[in-house]
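Remarks on the structure that follows.
The values are calculated or read from the model by the stated rules, or taken from the named source; none is laboratory data. A quick note: this is a predicted structure, and the numbers were derived from the prediction, not measured. Virtual Cβ from ideal backbone geometry, glycine too; neighbours counted across all protein chains shown.
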Amino acid sequence: MILIAIIDDDPDILDASSLVLKSKGYDVITANNPSDGYKIVKEKKPNLIILDVMMDEPDDGFFLAQKFRREKIKTPILMYTSVSKAIGLDFGKSEIVPVDDFVEKPISPDELVKKVEALLHKVEEKR
Amino acid sequence: MNEKKINILIVDDENGLRLGAQRLLQDEGYEVETAENGETGINLGTSKNFDVAVIDLKMPDVDGLDVLKEIKSKYPNTICFIATAFASYDTAIQSTRLGAFGYIPKPFTPEELIYQIELGVKQRELIIESDRLKKEREENLLEIAYEKSRLNTIIKSISDGVLVINRVGEVVYFNYAALKFLNICELKIGDAAILKLPEKILNLITKIFAAETILLKTFTTQIELLPNNELVIEAACTPVPHPDGNIAGVVIVISNITQFKQIEQIKSQFVSMVAHELKTPLAAVQGFLNIMLDDTIPLDKEKEKDYLARSVIRLNGLKDLVNDLLDISKIELKAKQREIEEIHIQDIIHNTIQLLELELKKKNISIDTTIEQDLPIIKADQNEITRMITNLLSNAIKYNKENGKIFIDALTKKNYVSIRIKDTGIGMKPEETSELFNEFYRAKNEKTRGISGTGLGLTIVKRIVDSYHGKVEVESEYNNGTTFIINLPINNN
């Protein structure tokens, strides 16, 4: 069974995303703050992490992603963003944002599933 | 000169000649005075500015040349003739050297004398006119010099920087504000602009000089001289046309736009914050709707209803946010056009409590109100003060515990009416208290989870209080409750 961790401070987004992924047969665990998010990733070792870029503080998502990478957790990260354009951050797959892909909010179930599948497929190929 | 009669002095020891000439010239309309010897001649000739003097060369007491010398040294513009029967080349040269205008050989006919006098009068008129012109010119020069120094002073004291470059690229003029804004320590007239000015300005100057015809417009550029918007200038470069049709140079006016830039930055930060806050609930609602529309995701009726209910909650929050934003912009507008009236704080407090009764009952919170008797009336906008009390009281309810208490006091404190709203709620940590009045700040911890808000309520309170030159204070103890104190000035005018 494939396990996906979703970390976002908006309970509605957590719920909606969980439902979408569960309907496609994935197992889902959630956390609504960075410290719980860190904990569930360490304990449950998910196959994929979905991480919101802005939680309590701007950059929280970035910091958490960097923390995972520093600790050699190589689980693919899919990042949720909502205001990348408004704050002038044009996300590219740059070094300072160590994530594998982005999904712009609001989330379309189709796009989310496609991106999740693509990332999992990439991991599969590497093996 | 026409109205005034022309004065003529005749110095001659020969009575007949002297009197004859006098009569002759008086008949011609001249005013004539005479001296019968050299000394009288000197006295008379230096006592007033004669137009013309006719001086006999040989006189028993004083030589005619001496008389000429004395008169000329006092009145250099008196036209002097030397009259003599002993004309010689030497005396002619000598008298000319001493400033004589002409030489009248004796004996002379009346016509000869009149002719000579007329020449002299013409000369006198020319000299006086040229003197007048000379004086006028000197006065003009003085005026120009004064004007120039005045202009200098004006340019030196304007707050914008002014710098002028000639057509070979040398600095020909600058004021001190220009140095300050360009962050240059040393600049001399004649320095090459290319060595001293920022590249962006040089590019504009090059563009102006390179144009085939003079571009009669101003080119501007903005330069961040110190990072993080600490010093930002705007340079406006305008060509100066030369009468020959070419460009004489470029005038650069430099203004400090740092403050403007900083405000712009704050504004754009605020806009992105607002965008984020608006987009968050929209994203949640749209997420739910997308799921409901997706046929591949199974959803039972109950779950669907739950999602719809949650969507409504998010949209309500969005509506509150929009209203709060509108209120903020209203406060800013209203500072200019508010309706000031006499306000009884106690009435507003009681009305607000009534308005929030439902919320109070839900959590079973009791309110204890203490209002000083004869609390001064303050002058303010009723809606703003109501909004302020409402925001504080609804926070006191929202962040209170079940069965908690709220204490409201209002009393006079020196020149202020002091309103205190104290709750027995969850309180705040010091680091949370310090951020409280920032836009969109909401204390987030395990205790505040599930409490909704826009993050603008206290921002609005602070802006209202500030606009009345009041003070807002907050005291809070984590887990024990928070107290807000509003001090509004009692304004009797």
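Quick notes on this one:
- Count - residues of segment B:257-291 that are basic (Lys, Arg), surrounded by 14 or more Cβ atoms within 10 Å (Cβ to Cβ) and away from chain A (no Cβ under 12 Å): 1
- Any hit, segment A:105-127, residues being away from chain B (no Cβ under 13 Å), closer than 21 Å to residue B:272 by Cβ, modelled with pLDDT under 95 and touching a Leu at 6+ places or on another chain (Cβ under 9 Å): no
- Residues satisfying the criterion are absent from segment B:304-313 (criterion: more than 14 Å from chain A (Cβ to nearest Cβ), loosely packed, with under 13 Cβ neighbours inside 10 Å and either touching a strand residue (DSSP E or B) at 6+ places or on another chain (Cβ under 7 Å) or at pLDDT 90 or above (or both)).
- Between B:118, B:125, B:111, B:143, the distinction of being without any contact (Cβ under 8 Å) to a residue 24 or more places away in the chain and either under 60 Å from the mean Cα position of the chain (by Cα) or in a loop (DSSP other than H, G, I, E, B) (or both) belongs to B:143 only.
- Taken over segment B:360-375, the criterion of being exposed (fewer than 15 other Cβ atoms within 10 Å of the Cβ) and under 16 Å from residue B:395 (Cβ atoms) is satisfied by B:362, B:363.
- Residue match in segment B:84-96 (condition: among the charged types (D, E, K, R), surrounded by fewer than 18 Cβ atoms within 10 Å (Cβ to Cβ) and assigned to a strand (DSSP E or B)): no
- Restricted to segment B:343-359, and to residues there that are among the hydrophobic types (A, V, I, L, M, F, W, C) and more than 48 Å from the chain's Cα centre (by Cα), the residue that is surrounded by the most Cβ atoms within 10 Å (Cβ to Cβ) is B:356.
- Total residues in segment B:268-299, condition modelled with pLDDT under 90 and among the aromatic types (Phe, Trp, Tyr): 1
- If only residues of segment B:413-452 that are on the phi > 0 side of the Ramachandran plot and out of contact with any Phe, Trp or Tyr (no Cβ under 7 Å at 6 or more places or on another chain) are counted, the one that is farthest from the other protein chains (Cβ to nearest Cβ) is B:414.
- Scanning segment B:338-385 for residues that are polar (S, T, N, Q), in contact with a Leu (Cβ under 9 Å, 6 or more places away or on another chain) and within 28 Å of residue B:451 (Cα to Cα) yields B:352, B:366.
- Residue B:372 vs. criteria away from chain A (no Cβ under 14 Å) and modelled with pLDDT under 90: no
- Among the residues listed as B:321, B:325, B:355, B:375, the single one being closer than 21 Å to residue B:464 by Cβ and free of Cβ contacts under 8 Å to residues at least 40 places away in the same chain: B:355
- Of all residues in segment B:97-128, those satisfying the criterion of being under 16 Å from residue B:52 (Cβ atoms) and charged (D, E, K, R) are B:112, B:118, B:122, B:124, B:125.
- On the stretch given as segment B:387-415, residues that are crowded, with 18+ Cβ neighbours inside 10 Å and not small (Gly, Ala, Ser) total 13.
- Note on segment B:165-179: among residues that are assigned to a loop (DSSP other than H, G, I, E, B) and in contact (Cβ under 8 Å) with a residue 24 or more places away in the chain, the one that is farthest from residue B:190 (Cα to Cα) is B:167.
- No other residue among B:164, B:168, B:172 is of a type outside the set (Gly, Ala, Ser), at pLDDT 90 or above, more than 22 Å from the chain's Cα centre (by Cα) and under 25 Å from residue B:247 (Cα atoms) apart from B:172.
- Residue B:21 satisfies every condition listed in (1) hydrophobic (A, V, I, L, M, F, W, C); (2) within 14 Å of residue B:81 (Cβ to Cβ); (3) surrounded by fewer than 16 Cβ atoms within 10 Å (Cβ to Cβ) except (3).
- Entirely in segment A:1-65, the strands (runs of 3 or more DSSP E) that have 2 or more residues that are more than 10 Å from chain B (Cβ to nearest Cβ) and crowded, with 22+ Cβ neighbours inside 10 Å: A:3-7, A:48-52
- With respect to being of a type in the set (Asp, Glu), out of contact with any Asp or Glu (no Cβ under 8 Å at 6 or more places or on another chain), outside any loop (DSSP other than H, G, I, E, B) and farther than 17 Å from residue B:172 by Cα, residue B:212 falls outside the description.
- Of the residues B:232, B:240, the single one that is more than 14 Å from chain A (Cβ to nearest Cβ), surrounded by 13 or more Cβ atoms within 10 Å (Cβ to Cβ) and either over 22 Å from the mean Cα position of the chain (by Cα) or assigned to a helix (DSSP H, G or I) (or both) is B:240.
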